[in-house]
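Report on the following structure.
The values are calculated or read from the model by the stated rules, or taken from the named source; none is laboratory data. Predicted, not measured: the structure shown is a model, and the values here were computed from it. As a convention, Cβ positions derive from the backbone with ideal geometry for all residues, glycine included, and neighbour counts pool all protein chains shown. For the accessible areas, the whole protein counts, side chains as well, though only heavy atoms, and no ligand, DNA or RNA atoms are used. Shrake-Rupley method; radii C 1.70, N 1.55, O 1.52, S 1.80 Å.
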Amino acid sequence: MGGGNRVRIRGASEQDIVSICRIMLSTDPYVTLGYTEDLCYDVVLSGLEEGWVGVAEYGGRVVGFIVFRVFDGFPLGGYIRAVAVDERFRGMGIGRALMSYAEERIFRYRRNVFLLVSSFNYGAIRFYRTLGYEPVGEIRDAIVDGLSEYIFRKRRGPNHA
Ligand SMILES: CC(C)(COP(=O)(O)OP(=O)(O)OC[C@H]1O[C@@H](n2cnc3c(N)ncnc32)[C@H](O)[C@@H]1OP(=O)(O)O)[C@@H](O)C(=O)NCCC(=O)NCCS
């Protein structure tokens, strides 16, 4: 990942919505959870209003995004609302960089980061565990009957105190 192809994480703008929704609507868990373009636009627009959407650029194009909340959206901490990386650019550290972008901002103000991950999303569960998240609860039949959402939490560590 050298030279002009370095990954850059930056704050998103409305101009990024098309790229963000192209990524979101092409991948699980969002496909299985029944996300539509309208829902994606709502999620991204409300994130932009709060000022908490990041995108990853690689070679000048948007290849990943993260939507998060710092002050509302979940009790006791910040909340990662949605995160995804274009399939062709996974396994390169971009997801980790997006999570760091959100965590850095949330931990400035809050002691915890929370997120929900679908019970069928084994890859994301391993990804979050690698990043130090632990399961603290389960919401059964959360979005689709028969499927759970796990609540994962990461606490502010000594580096963030
Ligand atoms: C989950 C996701 C964002 C990870 O993005 P990524 O750019 O591939 O992840 P990274 O390359 O930054 O990986 C960071 C670490 O997590 C691990 N990891 C990432 N995906 C993994 C997987 N599917 N299985 C096991 N470990 C995984 C990596 O091995 C890496 O560990 P390391 O740094 O110790 O080597 C990406 O797979 C994705 O977009 N998935 C579809 C959308 C999704 O599930 N979003 C979460 C909704 S809750």
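Flag not set for residue 53, criterion: buried (at least 19 other Cβ atoms within 10 Å of the Cβ), among the hydrophobic types (A, V, I, L, M, F, W, C), within 14 Å of the ligand (Cβ to nearest atom) and in contact (Cβ under 8 Å) with a residue 40 or more places away in the chain.
Looking at the structure I just gave you, is residue 103 free of Cβ contacts under 8 Å to residues at least 24 places away in the same chain and more than 17 Å from residue 24 (Cα to Cα)? No: the conditions fail for residue 103. Within the range 59-70, the residues that satisfy the criterion of being open to solvent by 40 Å² or more (accessible area, probe 1.4 Å) and assigned to a strand (DSSP E or B) are 61, 69.
If you filter the range 92-147 down to residues that are under 21 Å from residue 39 (Cβ atoms) and among the β-branched types (Val, Ile, Thr), you find that the one that is most open to solvent (accessible area, probe 1.4 Å) is 143. Is there a residue being within 17 Å of the chain's Cα centre (by Cα), at pLDDT 95 or above and away from the ligand (no atom under 16 Å from the Cβ) anywhere in the range 59-70? Yes, because at least one residue in the range 59-70 is within 17 Å of the chain's Cα centre (by Cα), at pLDDT 95 or above and away from the ligand (no atom under 16 Å from the Cβ). Remark: residue 23 falls outside the filter, which requires a residue to be open to solvent by less than 50 Å² (accessible area, probe 1.4 Å), in a strand (DSSP E or B) and in contact (Cβ under 8 Å) with a residue 60 or more places away in the chain.
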